[in-house]
Amino acid sequence: MSLSAPVRPLACIRQAIRQCRTERQQTRRYAAPATEVEYPSLQTRYPPPTPGFRPSQAIKQNRFETGLKKIPVVPPPRSTTKACPDPISILTNKQISVLDPTGARTRLFSPANPERVQPGDILVVRLRTGDPVSGVVLNIRQRHQPIDTAILLRNQLTRVGVEVWFKVYSPNVEGIEVVQRAVKRARRAKLYYMRQPRHDVGSVEGVVKQYLRQRSGGPLGNREANTGRKTGSKKGRK
Amino acid sequence: MLNVIDNSGAAVAECVKVLKMDRHAKIGDRIIVVIQKQRTFGPESSPSSSKTSTSSVAAANKVRRGDIRHAVVVRTKKKYQRPDGSVVGFEDNACVLINKGGEPIGTRLSGVVGREVGGRGWSKILSLAGLQV
């Protein structure tokens, strides 16, 4: 400024005027409130709120918690009931497909089959280990799922009653054959009365032997049901 | 009370002690019995005992009523489960008399025995038996 002053005197004046103006404005600003305020005791130290100010909003904004960072929460796992509504039946079907690939045994005991095994029938259960076991079906038990199906066979060996439970789908059971159907449909699901001497059918050895002889002599195909019924009728006539 | 199914001469025996066990006897367990009834080989004998031609009762009977003998349980009314899931039960309780050394007193067995007898170290009894279940 000192350097330029002698060269351009008008520039210096302009600056001086500008300074003067700012000074005047400043003095006015300081002086103005003092003159305008009527009741100084009511005046606060801070400027009044803006017209759109809402206290509730302000409190929310200035709260401490808003400043805290969010804690990450693990989302709830996917609902298994939605993913697999009936796992037991799937498991059962899988087990049956493994243990009974042909489905013959399932058919032999399915309630939809009119030719199914019923209490009072005489069966032969061939085992992978040991001799075949024959007997009258006293009870067919299905506990929870079809895979648990079991049969109770009763027979007399050397005049001693023997009762054996077999799991139908057991891998130890090689085959189940119907030797003779019940002559009349049993009116009970569980034929425990056959344990009493007056109802006991006794040994089924003769019936089974006859059936086995017929089976070995006859043609190999569709022997099961046919021969079984034949022996049944013969037994009924006796 | 158990039926005695060998031809030692005893018909019915009463168990008085299960050896080496705190529980009831199962098939193949060794027990001590008292002979309660003798088998009679006479005109009233059952057809299962084929010794109808035996002249004297005393000669056929190796044991007498009141004798205390060892025996092996071969059949139980109580059903028992096999490892393969099948369950077997008989209509009566039966035993076979043995001597102190473990040899069967009788020479023949009439009737069916449980297969567990052989597994418990009584394969001799199992081989004498006509039928096993």
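FYI, it's all coordinate maths here, none of it is from the lab. Everything numeric here is computed off the predicted structure, so don't read it as measured data. With ideal geometry, Cβ positions are generated from the backbone for all residues, glycine too; neighbour counts draw on all protein chains shown.
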Mind checking which residues of region A:162-217 are within 11 Å of chain B (Cβ to nearest Cβ) and basic (K, R)?
A:K167, A:R195
Within region B:106-133, restricting attention to residues that are within 14 Å of chain A (Cβ to nearest Cβ) and farther than 20 Å from A:T129 by Cβ, which residue is surrounded by the most Cβ atoms within 10 Å (Cβ to Cβ)?
B:L109
Go through region B:77-105 and report how many residues are small (G, A, S) and within 14 Å of another protein chain (Cβ to nearest Cβ).
4
So, restricting to helices (runs of 4 or more DSSP H) that lie completely within region A:70-172, which ones have at least 1 residues that are surrounded by 13 or more Cβ atoms within 10 Å (Cβ to Cβ)?
A:87-99, A:104-109
Residue by residue through region A:129-163, note down the ones that are within 13 Å of A:R195 (Cα to Cα) and either in contact (Cβ under 8 Å) with a residue 60 or more places away in the chain or hydrophobic (A, V, I, L, M, F, W, C) (or both).
A:G135, A:V136, A:V137, A:L138, A:L152, A:L153, A:V160, A:V162
